[in-house]
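For reference, the structure is listed below as C-alpha cells.
The values are calculated or read from the model by the stated rules, or taken from the named source; none is laboratory data. The structure displayed is predicted, hence computed values, not measured ones. Heads up, the Cβs are rebuilt from the backbone with ideal geometry, glycines too, and the neighbour counts pull from every protein chain shown. Keep in mind that these areas ignore ligands, DNA and RNA; they rest on the heavy atoms of the full protein, side chains included. Shrake-Rupley method; radii C 1.70, N 1.55, O 1.52, S 1.80 Å.
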Amino acid sequence: MAIGHALRVPRHADRPDAAARFPTPRSALSPNTYDYESLPLVKPTGFREYDARWLFEKEINLMGVQALGMGLGTLIRRAGVKPDIVTGHDFRSYSASIKTALVSGLLAAGCTVHDIGLAITPMAYFAQFDLDVPCVAMVTASHNDNGWTGVKMGMARPLTFGPEEMTRLKEIVLSADFELVSGGAYRFVENFPERYIADLTNRTPLTRKLKVVCACGNGTAGAFAPTILEKIGCDVVPLDTELDFTFPRYNPNPE
C-alpha cells in the first residue's frame with residue numbers, strides 16, 4: 001500500500017511567503033496550551049553524538065517529531081542518498097504515535113517509508129539489507145525509563161549516524177531548513193519479524209542443549225527472544241516475557 005505525502009507544503013524555492021513554512025521548532029513550550037498544540041517543540045540537547053533522545057512531551061512533542069522527520073528526509077536528499085528508509089518502533093505506550101509523526105515528516109520530505117512495525121533495533125538494521133533500503137530510523141528509548149524516546153538513524157548501511165551527521169541534522173531541524181517535496185510513499189512490511197527470525201535461526205542447531213532463562217522485563221524482546229532461543233535448540237524458561245509497557249517488575253535494561 002502506498003500513500004502520498006501527508007503534508008502539502010511547497011519546496012523552499014516555490015514558497016510565496018513565510019506563511020507557507022513549517023514553524024521553526026521551539027526549545028521550550030508549556031503543555032496544555034495553544035502554542036504547544038500549534039508549534040514544534042524540540043529541545044536542542046536531544047541531539048546526541050550518535051542518536052537523538054528526548055523526554056517525550058517535556059522536551060519534544062509530536063510536531064517536533066514531525067520536524068525531525070522532515071529534517072532527516074532533507075538531510076538524506078542533500079547527501080545524494082536514495083530517499084528510501086526503514087522504520088520500526090519499540091514497545092512503549094507512545095512509540096507508535098511517535099513513529100507515525102516521524103513518518104509524516106519523512107513523507108513530506110519525499111521519502112519512501114518501509115515500516116516493519118514493532119521491532120527490536122537490530123531487526124531494523126537487518127531490514128536495510130533484507131529489503132535493500134539504504135536508510136533507517138528506528139524509534140526506540142533503548143534502555144531508558146518510560147518517558148524517554150529517541151531515534152537511531154543511518155543513511156550509509158551498515159553505519160549509523162555519528163557526530164557529523166547529527167550536527168547537520170540538528171542544524172536543519174532547529175532552523176526549519178526543510179526541503180519538502182512530493183512523491184513520498186508508505187509501505188507496511190507485513191510479518192517482517194518472521195523474516196528476521198528465519199534468517200537468524202537458519203543455522204546449525206546447538207549440539208548441546210542449553211537450559212536458558214529468558215528474562216525480558218516485559219519489554220520488546222519478549223515478543224521475539226523466546227522463539228529465537230527455542231528455534232536454535234535451547235530449553236527456554238521464560239521470565240517476564242509478556243509484553244507490558246508499564247514494566248511492572250523492572251525497567252528492561254540489559255545492563
>> Against the definition (outside any helix (DSSP H, G or I), open to solvent by less than 40 Å² (accessible area, probe 1.4 Å) and at pLDDT 95 or above), how does Gly80 come out, yes or no?
In response: no
>> Among (1) open to solvent by 70 Å² or more (accessible area, probe 1.4 Å); (2) of a type in the set (Asp, Glu); (3) more than 18 Å from Arg53 (Cα to Cα), there is one condition Asp240 misses while meeting the rest; what is its number?
In response: (1)
> Can you tell me which residues in the stretch 180-219 are within 27 Å of the chain's Cα centre (by Cα) and farther than 20 Å from Gln128 by Cα?
Replying inline: Leu180, Val181, Ser182, Gly183, Cys214, Ala215, Cys216, Gly217, Asn218, Gly219
>> Which of the numbered conditions does Arg21 fail, given that it passes all the others? Conditions: (1) closer than 23 Å to Trp148 by Cβ; (2) open to solvent by 70 Å² or more (accessible area, probe 1.4 Å).
In response: (1)
> Say we look at the stretch 129-186 and pick out the residues that are charged (D, E, K, R) and free of Cβ contacts under 8 Å to residues at least 40 places away in the same chain; which of these is nearest to Asn61 (Cα to Cα)?
Replying inline: Glu171
> Pick from the stretch 27-77 the residues that are closer than 23 Å to Ala156 by Cβ and charged (D, E, K, R): which of them is surrounded by the fewest Cβ atoms within 10 Å (Cβ to Cβ)?
Replying inline: Glu49
> For the stretch 140-174, which residues satisfy the criterion of being open to solvent by 60 Å² or more (accessible area, probe 1.4 Å) and among the hydroxyl-bearing types (Ser, Thr, Tyr)?
Replying inline: Thr160, Thr167
